[in-house]
Amino acid sequence: MKKIILIAAMVLGFAVAATAQPRALGARIGNGAEISYQHDMDGNFLEIDGGLGLGLGDGTMNIGATGIYNFMISEFGDGFGFYAGPGASVGLGVGEANYLNLGVAGMVGIEYTFDFPLQLSLDFRQHIGFGLSGHGVYAPSSVGLGVRYRF
């Protein structure tokens, strides 16, 4: 009987912890396609995106990842939120020119979370990067549409 009570308490505790820190997983379509993960952090959230994008305009494909800590600036209406935040990015260009780039990023966007576990977002992301291997400074930007399953 003690084991059953202990197991029930643990299951309930894990359920409460999972609910207290919502997460979202989906895709962001902008200057390419990315897998997108969000993790709630006391009202703000960390967003990590990784995928394929267009390179620096020289016919290359960029494989990269971006991590941004977004501050929830305002929540208005039922489910709407406005956010912005800083982050960092890393990318690898493959194709006509091969390069590695490191950079800083910023994002501003709006999101809507439905009553069921679906989240849509529209954002603007700006990178300022430093291309290693002789590519110098670059500053690509993109508008992205995010579709995520919230759990």
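Brief remarks on what is shown
- Residue list for the range 56-106, restricted to those being outside any strand (DSSP E or B) and over 30 Å from GLY43 (Cβ atoms): LEU56, GLY57, ASP58, GLY59, THR60, GLY95, GLU96, ALA97, ASN98
Residues are listed down the side, and each one gets a yes or a no for (1) among the aliphatic types (A, V, I, L, M); (2) farther than 21 Å from GLY32 by Cα; (3) modelled with pLDDT of 95 or more:
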residue: GLY64; (1), (2), (3): no, no, no
residue: GLY79; (1), (2), (3): no, yes, no
residue: GLY87; (1), (2), (3): no, no, yes
residue: VAL108; (1), (2), (3): yes, no, yes
residue: TYR112; (1), (2), (3): no, yes, yes
residue: SER141; (1), (2), (3): no, no, no
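- For the residues TYR138, TYR112, TYR149, the requirement of being closer than 19 Å to ARG23 by Cα and in contact (Cβ under 8 Å) with a residue 60 or more places away in the chain singles out TYR149.
- Checklist (1) modelled with pLDDT of 95 or more; (2) not in a strand (DSSP E or B) applied to SER121, failing item: (2)
- Residue in the range 101-111 that is surrounded by 20 or more Cβ atoms within 10 Å (Cβ to Cβ) and within 16 Å of LEU25 (Cα to Cα) present: yes
- Number of residues in the range 100-130 that are within 16 Å of the chain's Cα centre (by Cα) and farther than 19 Å from GLY64 by Cα: the value is 11.
The values are calculated or read from the model by the stated rules, or taken from the named source; none is laboratory data. Note that this is a predicted model, so its numbers are computed, not measured. FYI the Cβ positions are ideal-geometry reconstructions off the backbone, even for glycines, and counts take in every protein chain you see.
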